[in-house]
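Scroll down for the structure; my scribbles are underneath it.
The values are calculated or read from the model by the stated rules, or taken from the named source; none is laboratory data. A quick note: this is a predicted structure, and the numbers were derived from the prediction, not measured. When we count neighbours, we look across all protein chains shown, and the Cβ atoms used for this are built from the backbone with ideal geometry, even at glycine.
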Amino acid sequence: MDKQQFLIDLAASDRTDIGRIDFNNQSEPQRIFSTIWLLESHLSSGGFLDFFCYSDEAASFAPTALRSIGAQACADIVGRALHALSTESLPDTAAARERLVDSLDDDIRSAFDDLDAEFYEYPDSLTELLFAYVASQPAVFGEVPAT
């Protein structure tokens, strides 16, 4: 079984809440799945700064979500990226987060390039860990076919 393809199909199905239910109204397992899915999607297209601008509450929840599936190294990288962006909590609105990102100087942007590169090395196998997490939650995501 192709685990990555299974997760892609799952994300597009009605068994996940991504894009259908407000993040704060999702169950904990759904928030974990949504966050990791959004994180990988945004990082592959625009890096951490893209993720922070467009992921609402998922951005702040990302280290917790990653730790929940056992991705400790990735959680550390995301935590450092969050801290580099703001020592306080992230602004509530997308427009305010975009203004914050737009205000970053070149040195901080360079630091984000380094954090992006560190994350792209995938010190944790997110596909394996997210698949195992989904498999451990059949009441939420349904049964996972045997591998």
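When you go through Glu118, Glu128 one by one, which is the residue that is touching a residue at least 12 places away in the same chain (Cβ under 8 Å), surrounded by 15 or more Cβ atoms within 10 Å (Cβ to Cβ) and in a helix (DSSP H, G or I)?
Within the list Glu118, Glu128, the selection yields Glu118.
Conditions: (1) of a type outside the set (Lys, Arg); (2) surrounded by fewer than 10 Cβ atoms within 10 Å (Cβ to Cβ); (3) over 23 Å from Ser68 (Cα atoms); (4) touching a residue at least 60 places away in the same chain (Cβ under 8 Å). Ala146 meets all but one. Number of the miss?
(3)
Could you please give the count of residues in the stretch 44-55 that are on the phi < 0 side of the Ramachandran plot, part of a helix (DSSP H, G or I) and either touching a Gly at 6+ places or on another chain (Cβ under 8 Å) or surrounded by 19 or more Cβ atoms within 10 Å (Cβ to Cβ) (or both)?
5
From the list Val101, Val134, Val140, pick out the single residue that is under 21 Å from the mean Cα position of the chain (by Cα), at pLDDT below 95 and β-branched (Val, Ile, Thr).
Val101
Please give the number of the condition Ala139 fails out of (1) surrounded by 11 or more Cβ atoms within 10 Å (Cβ to Cβ); (2) part of a helix (DSSP H, G or I).
That leaves (1) as the condition not met.
In the stretch 39-65, how many residues are of a type in the set (A, V, I, L, M, F, W, C), more than 15 Å from Arg97 (Cβ to Cβ) and in contact (Cβ under 8 Å) with a residue 60 or more places away in the chain?
1
Could you tell me whether any residue of the stretch 59-75 is touching a Phe, Trp or Tyr at 6+ places or on another chain (Cβ under 6 Å) and modelled with pLDDT of 95 or more?
Scanning the stretch 59-75 turns up at least one residue that is touching a Phe, Trp or Tyr at 6+ places or on another chain (Cβ under 6 Å) and modelled with pLDDT of 95 or more.
Considering only the stretch 1-35, state which residues are touching a helix residue (DSSP H, G or I) at 6+ places or on another chain (Cβ under 8 Å), within 19 Å of Ala146 (Cβ to Cβ) and in a helix (DSSP H, G or I).
Result: Lys3, Gln4, Phe6, Leu7, Leu10.
Among the residues of the stretch 73-93, what is the count of those that are touching a residue at least 12 places away in the same chain (Cβ under 8 Å) and surrounded by fewer than 13 Cβ atoms within 10 Å (Cβ to Cβ)?
Count: 1.
Kindly provide the set of residues from the stretch 22-44 that are more than 13 Å from the chain's Cα centre (by Cα), at pLDDT below 95 and not charged (D, E, K, R), ordered by number.
Asn24
Collect the residues in the stretch 56-98 that are within 17 Å of the chain's Cα centre (by Cα), part of a loop (DSSP other than H, G, I, E, B) and of a type in the set (Ser, Thr, Tyr), keeping them in residue-number order.
Ser89
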